[in-house]
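See below for the structure under consideration.
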Amino acid sequence: MAKYIKTAVTEAEQFDGSQQLVDKYEILVGSTMFNGYVGEPSLCYIQTLEGNLRIHVGDWIATGINGERWAVADEIFKQTYSKLTVIPQIVVSFIEASKAESASLFEAITLAYEKHWYNKKDMTWVRNNQDEFARAWLDGYQIDNKS
């Protein structure tokens with residue numbers, strides 16, 4: 001049997017039972033609300049392409065590339081998904097410039113070393129974070145707002 005890996009970026013938010021998330025995701029609630037949170041044992045349902053699916057506090061609400069939504073139990077979510085790598089803005093600029101030149105990952109890393117790319121601090125980041133650089137190149141990234 002062939003094995004597959006998910007290749008699309010998925011946005012997700014953990015359902016905390018708040019009225020804010022109930023409203024945001026148009027969650028159907030089968031019991032009353034109090035103090036802004038779903039009362040237990042509430043029956044909550046999220047509308048999906050397959051129909052209404054039960055969702056529990058602590059589950060994750062995932063949104064796909066076409067806006068479709070589904071619920072994922074917390075334990076399964078933790079085993080299946082990981083956050084995108086967070087990289088400094090200067091590394092984002094380097095990745096985008098390299099891809100615009102149709103460089104391969106190998107060429108980008110080699111260029112970073114050979115050209116003493118930007119400045120020593122930036123080069124140190126690539127040298128010390130090669131796996132994160134590769135993950136960002138291959139899977140996508142989030143920008144470190146502190147950089």
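Numbers at a glance
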{"quantity": "Positions within region 70-80 being in a strand (DSSP E or B) and either aliphatic (A, V, I, L, M) or free of Cβ contacts under 8 Å to residues at least 12 places away in the same chain (or both), in sequence order", "calculated": "71, 72"}
{"quantity": "Region 81-104: number of residues that are without any contact (Cβ under 8 Å) to a residue 40 or more places away in the chain, in a loop (DSSP other than H, G, I, E, B) and within 26 Å of residue 4 (Cβ to Cβ)", "calculated": "2"}
{"quantity": "Test: residue in region 62-69 that is outside any loop (DSSP other than H, G, I, E, B), of a type outside the set (Val, Ile, Thr) and on the phi < 0 side of the Ramachandran plot", "calculated": "yes"}
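Okay, residues lined up against (1) in the same structural domain as residue 29 (by TED's automatic domain parsing); (2) among the small types (Gly, Ala, Ser); (3) modelled with pLDDT under 85:
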{"position": "55", "(1), (2), (3)": "yes, no, no"}
{"position": "68", "(1), (2), (3)": "yes, no, no"}
{"position": "75", "(1), (2), (3)": "yes, no, no"}
{"position": "94", "(1), (2), (3)": "no, no, no"}
{"position": "97", "(1), (2), (3)": "no, yes, no"}
{"position": "102", "(1), (2), (3)": "no, yes, no"}
{"position": "117", "(1), (2), (3)": "no, no, yes"}
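The values are calculated or read from the model by the stated rules, or taken from the named source; none is laboratory data. Here the structure is a predicted model, which is why all the values come from computation and not from measurement. When we count neighbours, we look across all protein chains shown, and the Cβ atoms used for this are built from the backbone with ideal geometry, even at glycine.
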